[in-house]
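Scroll down for the structure; my scribbles are underneath it.
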Amino acid sequence: MFPIHDDTPRMNGRPYVNYGLIGLNILVFIYEVILTSNFANRLAVIELYSNYGSIPNLVLSGENLGSLFSSMFMHGSIAHLLGNMFFLYVFGDNLEDRFGHFRYLILYLFWGVLASFAHGIYAISTGDGNIPAIGASGAISGVLGAYLIFFPHAKIHTIIFAFFITTVRIPAIAYIPFWFIMQLVFAIIGQSGGVAYLAHIGGFMIGLLSAYLWKLIHNIQSGTSLYQRHNYRPKPSSHNFNTISTRKYSNSNHESSNENISHPEVIVGENFVDIIFEAKYISDVGQIEVEFNKTTKTLYIRDTNSNIITSVIVPGENLKKYMVSNFSAKNGIIKIRII
């Protein structure tokens, strides 16, 4: 299974840090290729990895600590690089959107460093403490752990390689735990091939824990999470918009039952509220009209093709000055922001 993109929309612009991390990894790899004559010069490879790779015996004794950072931008092959960068591209942008640019960068490096420590402890216990470790996998495993906490219902578009090649949409709550279980299995049975599975496991666990603590701290500070997700089941409504007349679901080929509407995710920020849900009968942004009733704190989404109206109660106080800022629809995923 190989992820190619997800359905989780970004709310706060381009993920410049994530793009920068990908770019830096690529530049470092190009430098490696030039310095080692495309890895053909074994002496140059050994010298490079010895100087900049994370060697457990040295790191855990307090020496060459800079290698904890340099090693996470190095890769041993083009396949190693591309695999890691695809995962970072798919999952990293939404975390940068959630944490903010600077915090995301710090957390990414933090996850990578702790993943190196996890691998180092295991490597020393098995007598491999002098073998350099390289790669972004530990930090990216932290990205996966945090993504699972914040976006469990996101759909991951995945290429399946079997007797045929096809693309499927897998919920993150299924995809990421399956990936983690595979890391555990390979670590237990001793599957190696030069892969530091304990770095994956350690990075994933610290990413999972730090994302959980992030949400918990905001709960304690504000009485409600800064990014709290409320689950409400949208329901058909007979409410009429002030500016358009509605009719009762005539000439509709769509069912208005709850089977076609997912539980929405309502993300409450300091000065905004985002509502994200899946409506199978909507495929294009030009197909919907949106209105927010400030009195009842209810958001109404009208499908102009079928006249199905979905209502979502928006949580929070002091919403009388709020209005719809923007909305989008893609592949049945509706995203609405009120500010």
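General remarks:
- Residues I78 and A44, FRET efficiency given R0 of 25 Å [Cβ-Cβ distance, rounded to 0.05]: 0.90
- Residues S325 and N57, FRET efficiency given R0 of 51 Å [Cβ-Cβ distance, rounded to 0.05]: 0.40
- Exceeding the 22 Å Cα-Cα cut-off - candidates K297/K335; K155/K330; K155/K297; K297/K321; K155/K294: K155/K297; K155/K294
- Each of I131 and M1 was given a label point 7 Å from its Cα along the Cα-to-Cβ line. The distance between the two points is 2.8 nm.
- Estimated at 0.36 nm per residue, the fully extended path between E289 and K215 surpasses their Cα-Cα distance by 23.4 nm.
- Between F163 and Y16, full extension at 0.36 nm per residue minus the direct alpha carbon distance yields a gain of 49.1 nm.
- log10 of Debye I(q)/I(0), alpha-carbon scatterers only, for the stretch 2-221 at 0.10, 0.12 Å⁻¹: -0.45, -0.65
- Potential extension, I106-N318 segment - 0.36 nm per residue separation minus Cα distance: 73.0 nm
No lab work stands behind these numbers, since they all come straight from the coordinates. Note that this is a predicted model, so its numbers are computed, not measured. Don't worry about glycine lacking a Cβ; one is built from the backbone with ideal geometry, like all the others, and counts go over all protein chains shown.
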